[in-house]
Amino acid sequence: MADNYQASQLEGTFEFADINDLKQISSKIMPRGAFDYITGGAGTEWTLRQNTISFNQKGIVPRVMTGVENPILATSILGTQISRPIIMSPGAAQGLAHVTGDAGTARGVAAAGTIMTFSTFANKTFNEIAEAGGGAPQWFQAYFLQNRDFNKFLLDKAMAAGAKAIVITLDATVGGNREADVRNDFTFPIIMPNIQEFVQTENVNVGQLLSQTLRKISPSIINEVASYTNLPVIAKGIQSPEDALIAISHGVSAIWVSNHGGRQLDGGPASFDVLKSIADAVGGRVPIIFDSGVRRGQHVFKAIASGADIVGICRPVYYGLNIGGWQGVQEVFDHITYELWLDMQLTGCKTVEDIKNAELVTNRCL
């Protein structure tokens, strides 16, 4: 942790009515540059806003004559049992939100009984994140650079830390135009130890290393990573049916529908707006993970009813971490899960699988 950056050290549970309340609270705790980095998107942030607004285009049809009570939220993905169909999407630099960083998130996610996806740009070592998770399932999100030694170094470290799957980031061959970061002249005030270890070992310049993103990503990378790691490979950043089918033809184990939370291509569609067409094209051949803009249990419900198997959340977790450490992370998962439970009860869905058959209608007056 840099000497001039004061991350939150708050710990404990707290009460709130709406996930959006946490964003307001966090804005008063976190330094401005860090807060804007976490909350911001690309360009005018149109896509970022649409990610959440788009859920309003669909309404959930209640069912009251099904005789269902006490819905069951447990489900599974790629052979891993989880307590709810909600997982932690990857997010960089969680140390901006709290001194415990990614380790605090991992502990909270483990307490929630679900999957933590840790990032190449974590502020804790992969082993520290695994230890904090206490054996709970974790996936590794890989950003690949032109330096193949770096790519293998990270995969080796992730495998050694017990990662159960590799998530290949496909939508970040260049960085999005994050205007808030430009205005704030923001640079990371905290170290990323996994990258730092490679830099020190190989005696390379960190700036030059990270600037050399792998801009030409061939579909064959799926086979290469799967063969190298012997782990399931998940293609993250899919926004079109065509790309989903290409990924499947190259042996991907799951499709992750995401637009990077609106942080990459401003003016692109909301992630929810493309989910149904991708799910129809995939046709159940591999599981579908969905994220971007999820703030309520309703959003989780609508995503699953539109073809997703599980749903990822990210920004709300930063807020919970910032306000209450690992317990705040668990609070966020439990709050959204409770909202989802209510939706399941009010629609007669006993299981997560039942949500896939729930009826959504188009809302014509927005």
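The values are calculated or read from the model by the stated rules, or taken from the named source; none is laboratory data. Just so it is clear, the model here is predicted, and its values are computed rather than measured. Every residue, glycine as well, gets a Cβ built from its backbone with ideal geometry; the counts of neighbours run over all protein chains shown. Heavy atoms of the whole protein, side chains included, go into the accessibility calculation; ligands, DNA and RNA do not. Shrake-Rupley method; radii C 1.70, N 1.55, O 1.52, S 1.80 Å.
For the chain, the longest principal axis of the alpha carbon atoms and the long axis of helix 315-347 meet at an angle near 20°.
With 0.36 nm allotted per residue and the present C-alpha distance subtracted, the Asn203-Asn20 stretch has 61.5 nm of extension available.
Between Met159 and Gln196, what's the calculated FRET efficiency when r is the beta-carbon distance and R0 is 25 Å? Round to 0.05.
So, using R0 = 25 Å, E works out to roughly 0.80.
In a fully extended conformation the segment linking Lys350 and Thr66 would gain 101.3 nm over its present Cα-Cα distance, using 0.36 nm per residue.
Note on the chain: GNM, Cα springs under 10 Å; of Ile278, Ile129, Ile77, the largest mean-square fluctuation is that of Ile77. Pairs of Cα atoms nearer than 8 Å and 6+ residues apart set the relative contact order; for the chain it is 29 percent. Distance between the modelled labels on Asp181 and Glu11, one decimal in nanometres: 3.1 nm (7 Å Cα→Cβ projection).
For the chain, with all protein chains in place and a probe radius of 1.4 Å, 49% of the accessible heavy-atom surface sits on carbon or sulfur.
Put the Cα centre of segment 288-360 next to the Cα centre of segment 90-168 and the gap is 21 Å. Residue separation of Asn127 and Asn56 scaled by 0.36 nm, minus their Cα-Cα distance, works out to 21.5 nm of gained length.
What is the total of Lys pairs in the chain with C-alpha atoms under 14 Å apart, excluding same-chain pairs fewer than 8 positions apart? Final tally of qualifying lysine pairs is 6. Protein heavy-atom accessible surface, 1.4 Å probe, per residue over the chain: 43 Å². Under a GNM of the chain (C-alpha, springs under 10 Å), which listed residue has the highest mean-square fluctuation: Gly134, Gly40, Gly328? Highest fluctuation of the listed residues: Gly134.
Under 5 Å between amide hydrogens, built in the peptide plane, is the criterion, and for Ile77 it picks out Ile82 among residues at least 5 positions away or on other chains.
Once you keep just the Cα pairs under 8 angstrom separated by 6 or more residues, what percentage relative contact order results for segment 192-299?
Once divided by the residue count of segment 192-299, the mean separation gives 23 percent.
Note the listed values [x] 5, 20, 24, 20, 16, 10, 4, 0; [y] 5, 25, 36, 25, 7, 1, 0; [z] 5, 23, 30, 19, 6, 4, 4, 4, 3, 2, 1, 0, 0, then indicate which one is P(r) over Cα pairs in 10 Å bins from 0, in percent calculated from this particular structure. Working out P(r) over Cα pairs in 10 Å bins from 0, in percent from the coordinates points to [y].
If you plug the beta carbon distance of Asp149 and Asn4 into 1/(1 + (r/R0)^6) with R0 = 22 Å, you get a FRET efficiency near 0.10.
Against the compact-protein benchmark of 2.2 N^0.38 Å, the Cα-based radius of gyration of segment 31-77 scales to 1.96.
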